[in-house]
Amino acid sequence: FKKTISEIPIRRRFTFPGKQRDYSSESNPSLTPFTLNPSGQFLCLFPFPLQTTTAATVTPAPKSATMATYDLTPRIAPNLDRHLVFPLLEFLQEQQMYPDEEILKAKIELLNKTNMVDYAMDIHKSLYHTEDVPQDMIERRVEVVARLKSLEEGAAPLVAFLQNPSAVQELRADKQYNLQMLNDRYQKQIGPDQIEALYQYAKFQFECGNYSGAADYLYQYRALCTNSERSLSALWGKLAAEVLMQNWVVAVEELNRLKEIIDSKSFSSPLNQVQSRIWLMHWSLFIFFNHDNDKTQIIDLFNQDNRYLNAIQTSAPHLLRYLATAFIVNKRRRSQFKDFIRVIQQEQHSYKDPITEFLACVFVNYDFDGAQKKMKECEEIEDGNGSTMPLRDEFMKNARLFILETYCRIHQRIDMGVLAEKLNMDYEEAERWIVKRIRNSELDAKIDTETGTVIMEPNHPNVYEQLIEHTKSLSGRTYKLASQLMEQSPAQAAR
């Protein structure tokens, strides 16, 4: 251990719509989903409520107040690791959705259970406008230095082995062989104790904000660990580290690997399995709305598998907002869209927001005036939603197309002025927008400039497209049926 904590450049940048922010490190272990309690369950804590206004705080601007009304951070945060909450708080601070003092206090609450002491000191100085910091922070900093040195020394033999490429090549897929080889070849310097020390060292690195080092060590740990519970715990930590480093391709791989384990693992209680699925879906929001090629995978995860959709309906109905957004920006998934509209109808009593209400107005009630109002609110929500903000323009374009297509199915000839009003656009803007849709083959219609109307062409369904649409989901349904039969077979055999 050659450097003090203050000399270690443990800094991490998050790009979460808006400008970049720096996070420095270093305190006591945090309760993260890859920290196991004695019963083997994962722990997630978010101990503070965000309040929009109080008598002693500044009232947000009107637009910010509207966004704060539909802010899902208090619902999402309890299902995230503490470190994953920091990008959300940064985004809220940039949007000025809440008073700055509220956000800073929330950050300090989070940092109290992490090792990022320097960052906590910086926030304390900003919050209280002072250069002095509490004595307990200084003492905790000393503790972190001592603990980090101790963990590094305990894991040193194994870390030295892992840093030798030729030695690592000798490892095999058989974990028992690896353990025996390490024990025999390295004269008992590397054994179960050193492997456990590697896990603790990786976790401590994560708590300090060194996500790159933590990801590398957790990957190596899983190659050596024979404890399935600890291996699963390390996989949660690896996924969190990859998300925080914005390595979306690797994060998708870890997410799929984690999903397979959750779906196949035998949990002590069905509730624990449901909770793991809920955590997985919340963590996946960072990936699906940031990775360019994964806009449709959120539909596969949330909607295709009834086990995940049931978890949403029973314990996390607010995730319907993100699933609705994914359906709106992915028009190719129309075969599953009708079933999703039914889910929105069923869950209106437990959860609704302008995005889900917009879909209900267009596809259930055919209330185009109501859809126009909800579309305005949707635009404000997208501005205040860190996950889906990059899709704002695409969302608004497809939302207008939904209104246009549904309205045009009812009317063959439509006045351009009326249509502009329904689309929440002025006359010339609406005309240019419709012309562009027609040129791009997104709308089968023509414009009569003399009468100022849009004339819809007859829409004859294509037999081949209908066949493809109806058979597209057969493989998924077959997989579900086979999975259910496999789950029932052991239960029947036990009887």
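Only the coordinates and a few stated rules stand behind these numbers; no lab work does. Keep in mind the model is a prediction, meaning the values are calculated, not measured. Note: ideal-geometry Cβ built from the backbone for every residue, glycine included; neighbour counts use all protein chains shown.
Which GluC sites (Glu not before Pro) in segment 85-175 sit in a loop by DSSP (not H, G, I, E or B) and have at most 13 other Cβ atoms within 10 Å of their own Cβ? Intermediate values should be presented prior to the final figure.
Details: sites: Glu90, Glu94, Glu101, Glu102, Glu109, Glu131, Glu139, Glu143, Glu152, Glu153, Glu170; in loops: Glu131, Glu170.
Sites meeting the loop and neighbour criteria: Glu131, Glu170.
Using R₀ = 30 Å, calculate the FRET efficiency as 1/(1 + (r/R₀)^6) where r is the Cβ-Cβ separation of Val250 and Thr406; round to 0.05. Walk me through the numbers on the way to the answer.
Values: r = 40 Å, r/R0 = 1.35.
So, using R0 = 30 Å, E works out to roughly 0.15.
For segment 272-366, with the dipole built from +1 on Lys and Arg beta-carbon atoms and -1 on Asp and Glu ones, taken about the Cα centre, which of Tyr366, Phe327, Asn272 lies farthest toward the positive end?
Tyr366
If the only charges are +1 at each Lys and Arg Cβ and -1 at each Asp and Glu Cβ, what is the size of the charge dipole of segment 157-301 around the Cα centre, to the nearest 20 debye?
Value, rounded to 20: 240 debye.
Going 7 Å from the Cα of Ser268 toward and past its Cβ, which residues in segment 205-236 have a backbone nitrogen under 18 Å from where you end up?
Residues 227-234 qualify, since their backbone N sits under 18 Å from the label point.
Tell me, in nm to one decimal, what length is gained between Ala146 and Ala482 on full extension, where the rule is 0.36 nm per residue of separation less the Cα-Cα distance?
Taking Ala146 through Ala482 to full extension adds about 115.6 nm, to one decimal.
For segment 129-195, run through the trypsin sites (Lys or Arg not before Pro) and keep only the ones in DSSP coil with at most 12 other Cβ atoms within 10 Å of their Cβ.
Numbers: sites: Arg140, Arg141, Arg147, Lys149, Arg172, Lys175, Arg185, Lys188; in loops: Arg172, Lys188.
For trypsin sites (Lys or Arg not before Pro) across segment 129-195 that sit outside H, G, I, E and B with at most 12 neighbouring Cβ atoms in 10 Å, the list reads Arg172, Lys188.
Restricting to DSSP loop positions (anything but H, G, I, E, B) with no more than 14 other Cβ atoms inside 10 Å of their own Cβ, which trypsin sites (Lys or Arg not before Pro) remain in segment 206-267?
Working: sites: Arg222, Arg230, Lys238, Arg257, Lys259, Lys265; in loops: Lys265.
Sites meeting the loop and neighbour criteria: Lys265.
Please give, to one decimal in nm, the separation of the simple spin-label points placed at Thr226 and Tyr177, each 7 Å out from Cα toward the Cβ.
Once both label points are built, they end up 1.5 nm from each other.
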